[in-house]
Structure formats: structure tokens, C-alpha cells
Amino acid sequence: MSADLDKRPWLKSYPASVPAEIDVQRYGSLVELLEESFQRHARRTATVCMNTTQSYAAVNEMSQSLGAWLQAKGLARGARVAIMMPNLPQYPVAIAAVLRAGCTVVNVNPLYSARELEHQLRDSGAEAIIVLENFAHTLAQVLERTPVRHVVLAAMGDLLGFWKGQLVNFAVRHVRKMVAEFSIPLGEGVSVTRFNLALAEGTRMSLKRVAIGPEDVAFLQYTGGTTGVSKGATLLHRQVVANVLQCEAWFQPMLAKLGTERALTVACALPLYHIFALTACFMLGVRLGMTNLLIPNPRDIPGLVRTLAQRPVNMFPAVNTLFNALANDPDFARLDFSELVISTGGGMAVQQSTAERWKQVTGCPVVEGYGLSETSPVVTINRFDDASFSGTIGLPMPNTDVAIRDDEGRDLPLGSAGEICIRGPQVMAGYWNRPDETAKVMTSDGFFRSGDVGVMDPSGRIRIVDRKKDMILVSGFNVYPNEIEQVVSLHPGVLECAAIGVPDERSGEAVKLFVVRRDPGLSESDLADYCRENFTAYKRPRHIEFRDELPKSNVGKILRRELRA
């Protein structure tokens, strides 16, 4: 055991109820895990969306029908099927259907431009796509230049019941005019089928059992393309299964305090096409028989608050910007948080000011974790029984090794800053059809090079310093935007901020700060004085720019690259 503690110092900081190793090979495939959960939790509510519920039994039946329909279209084992929609009841059904048909899910951001969509469909080799009609106009522009031959068109009200569904579809199409005109080019061999019709036709078909194994590809999870062209992280069935079981081992002791006789509720405000929500909301939710409260548009904060008011939420995964927006909303503060026991932050650094405000409003601390598309995603997480804000990303998950290494790949001593490298059963098989890119990030001893700079302390907790590419070099000194943003966000007059490096004749680069004010009276000189008190000279922002808002991804992550552009 002492040898383990030398190599894995984090184990001595583990909660007593969480094992260092779990059996991640318990299931031969993700399908096996899903189908067992569908049967076990059949009577529980799987999803709630727009006040309409779907049971696990219903998701089981519908995904079986849709899976059979996909097979009838000639989609063979391993065929890629894209899914392009926000958080709607059709999404979990589509994921399960594609996997049960023996195919691979390609999650697509519905807000993609035509160029981005074309790249992902061509790169993945997707033969079919399940798309919400609101985004069909984008697909129509590129379909003929992609391998897609089968289009399933979903509508917002498809699974909301006949009358309610008709009303919602009429409002979406004709009142709010959210569906742009489109014409799908029906080339040779291209079919277009409405989602509900595909379900109906599938009920008259039989889902053929496909011999899916742990080495089959479950998901092509595309990276955001921040380091060049967007690449597909190849996630095998065994890798996603492993991360679901790792998360279960970490989360279950806390959730068990609420009892297991009823379905607990997870707020699914993060988009399901994003790896964070895919695992932390849908996959873990199915495993534990939880109800996913689906939020189609989390940017509509008033609408989100009204939805959250409808039922108690037990688990709330989010990014810093969403926690911040809700914690500063007066209507949100009036909600009942008595049953909220887990708030997990990821996707970007959780800032101390946000964490403190969230805890003040909800009584529930934000527990920060860390993961990537390439790791299914969860790598590390803080303990749930520690209510204090540490600014760390926590401890490596069971079965996971984390090393802090220098540019030559040598392990660094505790307390030294270096690249966070990860080895574990949840690490991807590589980038889809990109062996050259895979070779750049995978080491000979099986570690994935994350590109993030971090420090591990003697307890095994890891603190992210920054992305390598975001680091600012001022007169030979390293400045990390995360540090600047963490400190500036603590100023009472600041709502949001972002720091980037800009060219500077004297120092090579200088820090530029973008700020969204909470206090309209906050001036540049006020902020400059604050920075002078809190930063050494080379770290102080030389340029300060106030903005009404900062550019964000659809997940709510502040896009520094757009600020640099």
C-alpha cells in the first residue's frame, strides 16, 4: 500500500467509502449497461421536458423501435449516426437507439455553421443524421457534399403528446418563427423521414441483436477545435462504461443520503452533445435511475428559473458562467434548494466569487472537477464532503493515474508546474482517422497529454494553472489568465472577466483584461488600483476594456480565442 501511496499520493485523501480501484470491466458494452438500467428503473421517470414526462420503460421501447428502423435502412455495425439537437426528450431516445443498433453516435452542436457541420459529417463519415427541424436549413446547405443518406427530422413537440405537441410545433414554426425555410436536396439514395414516423415504422420491426464488444466505438466526440481543426475523440464502449462506473463510485455515497426509493433529479442544463452532460447527466442518470430535467435553452435564464421552480433538483452540473448567472438572479434565489446536495463545476475554472455566491444562495457548495472530451470526460473531482472552496480540480478518479510532466516527458516533483498527463480506462483510443494527431498526445507509457498546466500538492489535489497555449509570456515571465481572472472576479464591481495576451514592443506580450461590470460605476482606474494591490508588476493588466458581454461557447465557456481575434 505504501508503494501505491508513493505513486498515487491522492489515495490517502480519498473518502472512506470510495475505493481506489473498481471493476470497470463489469459490462461488455454500453448497450448492456443501458438495457439493464432501462429494465431496473422501468417505472421511474427518465426525462421531464416542458412539463411532459417519459418513463424509462418508454425510452426503452422507443429506442428499440428507432434502433430497428435504423437497421432496416441498412446501417451496419459501426456506421456513424449524427445527432444534432438541443436537450429534448428525443435526444436520449436517439442516443440509445443508435448504440443499440450497433452504430456509433456522432454528437453535433446544433449551432454549428454550415462549414463546421460539413467538416464534422465528412470527417466522421456519418451515413445518417437525426436533426431538429430548427437546424435543418444548415444541413440542407451541405448535405450533398456529405456521406449522409438518411435524414430523420425531429420537431420540438414530437414527444410531448398529440395536442400539446401540435400546439408547441405551431408556436415554434409560426408564432416564434424558429424554423427557417429549408429544402432537403433529395439526391440519389437520400431519404427524409419524420422522427415520429420512424418510431411508428420501427414498432413493426424487430431490433436485431448486434455483437457489440468493449472495443467497438460508441461515440465520436468532437473537440471544440481550439487547437486547430476539430478532431473526433474516439470513445470506445469500455471507456464510456468505465467513466460511468467511476462517477457512480464517487457520486453514489452522497446521493444515497437522499434515499434510493425514488428517482432523484439532475438538472440537465448543459447540452447533451457536450461530453460533460452526456456522461454526468444522461449516462450517470440512467445508471442511477435519475430523472433528467431537460433544459432546451439554458441561456434563457428566466425560463430556466421557471423550469427549476417546478420540482426539487438534487444534482446540478454546470459551468462557471451558468452558476454565476443563476446565483445573481433574484428569482433564482427564491427557489427551494433543500434537496440540492451536489453541484458540480467543470468545463472551465470555477471562480471563487461564483462558488461563494452559489453557496450563499443555495446552501450547496460547488464541487469542481476536471475532464476532457478525450477522457470520457471525468479525470479528477473534489470530495463532496468538503464544503470549502479550494480552487483545485480535486483528486484523480478510481483506476486513474495523473502525472505532472515537463516538456521532455519527465515526471516533476510535487509542487512543480507541468503538463497534466492522464492514464486510465476512460482515456480515448485516439483521434478518429488522425494517427499523426494521436501520436502527438499519447505517450509510450499510455498517458494522454492534456495540454493543461497544473500543480499537484502533497495531498494529491491538482490545481490547474492554465492551458499551455493560453499562457502569456511577459518579459520572460509566465502569466496565467486563470490566475488573473480568479482574482479580478473577486472585485465586487465585476460580473465576468477574461484575460488574454496582446503583442507589446517592450515586453513581448502584455495582459489585456476584458470586463463585464456588475457595478456600472466601476472605472478603469478603480480596477487598475485593485490590480496594483493584488498582482506583481508583470502580471498587471496593461489594457482594460469594458464590454456588455463576453463571447461564449454554447456550453457557456468564455472564448478567449475570439477575444484574441
What helices does the chain hold that run 18 Å or longer along their axis, going by alpha-carbon atoms, with a Kyte-Doolittle average of 0.0 or more, using DSSP H for the helix calls? 56-72, 237-255
Taking 0.36 nm per residue of sequence separation and subtracting the Cα-Cα distance, how much length would be gained by fully extending the chain between K468 and H137, in nm to one decimal? 115.4 nm
Calculated from DSSP helices alone, with each H run of at least 4 adding -39500 (n - 2.57) and the total divided by the residues of the chain, [θ]222 nm to the nearest 500 comes to -8500 deg cm²/dmol
Hey, any idea what Rg/Rh is for segment 471-564, computing Rh the Kirkwood way over Cα pairs? 0.95
Please report the base-10 log of the normalised intensity I(q)/I(0) for the chain, using a Debye sum with one equal scatterer per alpha carbon and no solvent, at each q in 0.06, 0.08, 0.12 (1/Å). -0.29, -0.53, -1.25
With a 10 Å Cβ neighbour count serving as the proxy for reagent exposure, in which order, fewest first, do W250, W10 appear? W10, W250
Taking the dipole of segment 27-365 about the Cα centre (Lys, Arg +1; Asp, Glu -1; charges at Cβ), the one of V106, F332, Q54 that reaches farthest to the positive side is Q54
Given 0.36 nm per residue, what is the gain on full extension from E339 to E144 after removing their alpha carbon distance, in nm? 65.2 nm
Calculated FRET value between D406 and A16, using beta carbons and R₀ = 45 Å, to 0.05: 0.85
FRET efficiency for D445 and N478, Cβ-Cβ distance as r, R0 = 22 Å, nearest 0.05? 0.25
Can you compute the FRET efficiency between L414 and S388 using 1/(1 + (r/R0)^6), with r the Cβ-Cβ distance and R0 = 22 Å? Round to the nearest 0.05. 0.55
In terms of modelled amide H atoms, which long-range or inter-chain residues lie less than 5 Å from the amide H of A79? T104
Sorted by number, the cysteines in the chain with no other cysteine beta-carbon under 4.7 Å are C49, C103, C247, C364, C421, C497, C531
Reach of K468 by Cα under 18 Å, taken over lysines that are not fewer than 8 positions away in the same chain: K440, K512, K539, K557
Taking the Cα centroid of segment 410-488 and of segment 33-97, what is the distance between the two, rounded to the nearest whole Å? 36 Å
Please arrange H119, H174, H237 by how many other C-beta atoms lie within 10 Å of their C-beta, fewest to most. H174, H119, H237
About its Cα centre, the chain carries a charge dipole, from +1 on Lys and Arg Cβ atoms and -1 on Asp and Glu Cβ atoms, whose size in debye to the nearest 20 is 1140 debye
What nm value, rounded to one decimal, do you get for the distance between E36 and R561 when each label is placed 7 Å out toward the C-beta? 3.9 nm
Principal axis dimensions, segment 27-365 - Cα atoms, whole angstrom, descending: 60, 46, 45
I need E188, E368, E549, E419 ordered by Cβ neighbour count within 10 Å, fewest first. E188, E549, E419, E368
Alpha-carbon centroids, segment 225-287 and segment 335-408: separation in whole Å: 14 Å
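Read-outs: derived from the displayed coordinates by stated rules, not from any lab. Just so it is clear, the structure is predicted and the values come from calculations on it, not from any experiment. Note that each Cβ is placed from the backbone with ideal geometry, even for glycine, and that neighbours are counted across all protein chains shown.
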